[in-house]
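Asks: One structure coming up, written as structure tokens, with questions to follow.
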């Protein structure tokens with residue numbers, strides 16, 4: 001066998017090597033090219049995330065409430081910095097703290113990232129320096145209104161939502177981040193290159209709220225001023241559209257406590273007398289009472305189950321309408337005896353108490369409404385007067401919306417519309433009734449009673465000069481240290497719910513104050529603030545009012561001439577019934593609600609000016625101070641509108657009962673000498 005020569009062997013090795021080299025090249029270029037391309041890209045490029053512009057938040061009119069401002073973050077390639085001292089001085093000049101700027105002087109560092117964000121115009125000179133890199137960053141800018149910012153929440157410096165609507169709507173607002181590549185040199189130096197944007201960021205959706213910023217500003221100012229003037233611990237205002245459930249305003253203020261969440265949603269309270277109209281509505285609907293029916297009120301004192309319930313407006317009897325007008329605790333307690341525990345519980349449950357409203361917000365309190373099996377013997381009366389349950393301001397406003405809109409409880413709405421980055425509407429709110437609570441004719445009768453509360457009852461300070469207003473005030477004791485306060489620890493929740501205008505209401509306005517000092521009755525504290533808010537909204541002209549459908553202004557009334565006025569007219573001082581949860585020493589059920597009062601509540605008559613809360617020995621209730629009685633002439637009200645006639649008789653110091661027929665005449669007749677406080681029957685024209 002012939003042995004190959006050395007040359008043949010060398011040639012064979014070279015051929016084999018060439019074949020292997022070609023095979024390997026084919027494998028790398030044809031089969032593994034994608035893997036090697038990715039590896040090369042990782043060696044020569046660095047991928048960065050580009051934040052997406054966060055979507056804007058608007059109010060109901062399109063005014064921007066929150067938007068993102070484009071800023072830049074800076075990074076430094078320190079190996080390519082020739083003048084680090086100069087860089088340090090420029091960083092100090094644009095506001096970087098010395099401690100944060102000092103690392104650029106460290107010779108051991110090759111790269112440094114600043115957390116601070118800057119306006120591009122402020123760092124234009126820095127960006128011209130070699131080795132300075134910039135990356136886009138965003139900052140969230142909000143309106144100055146404190147109540148609106150509390151409602152909107154906030155995002156952290158990295159753009160992540162923390163609380164409020166920003167958190168609840170984060171999946172819509174944050175958008176989709178993009179990606180970009182930065183080229184790297186063999187030494188690790190980074191630099192931008194054309195066409196390195198791999199995926200553009202997708203901006204977030206724009207969200208339009210139902211809130212009206214003009215109303216928010218009005219309410220913020222009115223609430224702050226009133227809280228300071230009344231020396232109250234805090235306050236809340238809710239305004240909503242009763243026909244759609246759209247919330248126009250949510251604002252809260254707590255003295256010395258920075259707000260992070262609207263207390264109108266998360267802080268329940270005992271509502272007191274503001275619950276009385278709902279029980280009357282249910283009785284009217286069931287045919288168990290009529291507005292003109294007389295109820296024995298026992299001269300303002302009623303004993304039941306070891307409890308003493310008292311009234312300020314003392315009378316042996318009142319009509320059902322006057323029970324609401326004068327906020328009679330005795331009257332509503334007696335009326336509540338016409339419904340069972342289960343019926344009373346279902347009434348409040350139907351109004352949405354004890355369950356969350358489902359409002360578009362990260363957190364919400366459900367309030368407290370115990371089942372009847374947990375009630376004591378005294379609970380029935382307490383619940384009728386507005387104790388032993390708690391509601392949020394939003395829940396109570398929605399319940400009054402059912403009276404204002406003809407009987408339907410509406411689901412609340414904070415989001416009106418959502419648009420994507422292209423401007424296409426992807427969601428639009430539609431009114432959603434939860435359930436029908438009352439018939440329409442029932443609500444009309446109750447609205448008439450609520451009008452009388454403002455015209456001639458406990459909330460006359462809420463009355464408007466040009467429009468009729470309906471509403472109900474409430475003054476409820478607060479729990480202090482696990483029980484209702486006594487002596488120097490007396491504390492109150494003062495509230496008023498107004499329906500504006502009284503015919504075809506467009507607003508439900510709820511105002512509540514926590515523990516006002518001095519005058520603490522809802523008709524003297526919260527009612528005037530409601531009036532101020534509505535007056536300012538009318539003046540603003542862009543506060544979500546439908547001017548085309550506002551009813552005509554009330555007809556101006558010119559009082560009779562002096563010679564025609566009744567002699568010795570005695571005008572009664574403004575008075576309001578303080579709510580009485582008044583549990584005495586009677587037996588309690590083992591499962592009674594924990595906040596049932598263990599002492600009687602004492603009703604007092606507010607003085608005209610501010611005063612410190614009276615210090616009571618509540619084991620011995622004070623006698624009510626009854627205005628001195630006088631003999632005056634019954635005024636002649638024939639020919640006057642019914643509302644004006646009633647008002648004139650009240651101003652003269654009489655109680656009024658409407659009767660059928662009579663053509664506007666009175667009994668006793670006009671001119672008769674009658675003692676103030678007596679009942680005068682007025683015939684409907």
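Asks: For residue 411 and residue 255, calculate 0.36 nm times their separation in residues minus their Cα-Cα distance, and state this gained length in nm to one decimal.
Replies: So the extension gain works out to 53.1 nm.
Asks: Let me ask something else. At R0 = 25 Å, how high is the FRET efficiency between residue 288 and residue 684 if r is their beta carbon distance? Nearest 0.05 is fine.
Replies: FRET efficiency, residue 288 to residue 684: 0.60.
Asks: Over all directions, what mean area does the Cα convex hull of segment 213-549 project, stated in square nanometres?
Replies: If you wrap the Cα atoms of segment 213-549 in a convex hull and average its projections, you get 17.7 nm².
Asks: Report the label-to-label distance for residue 20 and residue 113 in nanometres (one decimal), using points 7 Å from each Cα along the Cα→Cβ vector.
Replies: 4.5 nm
Asks: What would the Debye equation give as log₁₀ I(q)/I(0) for segment 483-543 at q = 0.14, 0.16, 0.19 Å⁻¹, counting only Cα atoms as equal point scatterers?
Replies: At q = 0.14, 0.16, 0.19 Å⁻¹ the computed log10 ratios are -0.48, -0.58, -0.72.
Asks: Give me the distance between the Cα centres of segment 475-527 and segment 87-124, rounded to whole Å.
Replies: Centre-to-centre distance over Cα atoms comes out at 54 Å.
Asks: Can you tell me how much longer the chain between residue 134 and residue 102 gets when fully stretched, taken as 0.36 nm per residue apart minus their C-alpha distance, in nm with one decimal?
Replies: 9.6 nm
Asks: List the pair-distance distribution P(r) of segment 628-685, using every Cα-Cα distance, as the percent of pairs falling in each 5 Å bin from 0 up to the bin containing the longest distance, rounded to whole percents.
Replies: Going out from 0 Å in 5 Å bins, segment 628-685 shows 4, 23, 36, 23, 10, 3, 0 percent.
Asks: Do me a favour and compute the ellipsoid semi-axes for segment 47-209 from its Cα gyration tensor, root of five times each eigenvalue, largest one first, whole Å.
Replies: Sorted largest first and rounded, they come to 34, 19, 12 Å.
Asks: Among 333-342, 530-539, 145-154, what's the highest-first ranking by average C-beta atoms within 10 angstrom per residue?
Replies: Ranked by mean Cβ neighbours within 10 Å, highest first: 145-154, 530-539, 333-342.
Asks: I've got another one for you. So for each of 669-677, 344-352, 317-325 I average, over its residues, the number of other beta carbons within 10 Å; can you give me the resulting order with the highest mean first?
Replies: Highest-to-lowest ranking by the protection proxy: 317-325, 344-352, 669-677.
Asks: What is the P(r) of segment 275-318, as percent of Cα-Cα pairs per 10 Å bin from 0?
Replies: 25, 42, 33, 0
Asks: Separate question: To the nearest 0.05, how large is the calculated FRET efficiency for residue 346 and residue 483 if R₀ is 41 Å and r is the Cβ-Cβ distance?
Replies: The formula returns an efficiency of 0.90 here.
Asks: Would you mind checking segment 86-122 for residues with the amide N under 12 Å from a putative spin-label position 7 Å along Cα→C-beta of residue 79?
Replies: 109-111
Asks: For segment 207-363, what's the radius of gyration and Dmax over Cα atoms, in angstrom?
Replies: Both quantities, over Cα of segment 207-363: 19.3, 57 Å.
Asks: Averaged across orientations, what area in nm² does the convex hull of the alpha carbons in segment 240-330 project?
Replies: In nm², the orientation-averaged hull projection of segment 240-330 is 9.4.
Read-outs: derived from the displayed coordinates by stated rules, not from any lab. What you see is a predicted model, and the numbers here were worked out from it, not measured in a lab. Cβ: placed from backbone, ideal geometry, glycine included. Neighbour counts: every protein chain shown.
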